[in-house]
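Computed from the coordinates by the stated procedures, all read-outs in this text should not be read as laboratory data. All values derive from a computational prediction rather than experimental measurement. Here the Cβ positions follow ideal geometry from the backbone for every residue, glycine too, while neighbour counts run over all protein chains shown.
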């Protein structure tokens with residue numbers, strides 16, 4: 001989720017994406033059963049979906065230190081705010097999705113006793 005309330009206009013975008021290992025390159029697709037909350041305009045959704053993809057590609061390129069990504073990314077859910085959602089917010093949400101996925105992938109596994117606690 002990317003939400004920023006500084007003044008008017010504000011920013012809001014929430015996405016759920018799956019990152020999966022893949023062959024060299026990046027494949028991005030929207031799930032056939034993509035859940036969309038808060039918006040009914042297919043053209044606006046497509047513009048924001050493209051912004052998510054751009055944010056993911058940009059962040060993977062920047063985070064990879066010259067390495068080529070090898071991932072399949074599936075967009076599962078998008079949530080819009082009626083006033084504060086726009087493509088720039090979805091671009092940032094895509095970037096944050098990459099950061100969160102990389103942090104989770106590089107986090108050391110927890111011991112079984114730590115998970116129960």
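A few comments on the model shown:
- Length available on full extension from residue 88 to residue 103: 0.36 nm per residue minus the Cα-Cα distance, which gives 3.1 nm.
- Based on Cα contacts under 8 Å between residues 6+ apart, region 1-105 shows a relative contact order of 46 percent.
- The chain: angle of helix 42-63 to the longest principal axis, Cα-based, in degrees nearest 10: 30 degrees
- Computing semi-axes √(5λ) of the Cα gyration tensor in Å directly from the structure and comparing it against (1) 29, 14, 12; (2) 57, 22, 9; (3) 26, 18, 15 singles out (3).
- Take every DSSP beta bridge whose two residues both sit in region 2-101; close to 55 percent of them are antiparallel.
- Subtracting the Cα-Cα distance of residue 43 and residue 72 from their residue separation scaled by 0.36 nm leaves 8.1 nm.
- Ordering of 27-39, 75-87, 50-62 by burial proxy (mean other Cβ atoms within 10 Å per residue, highest first): 50-62, 75-87, 27-39
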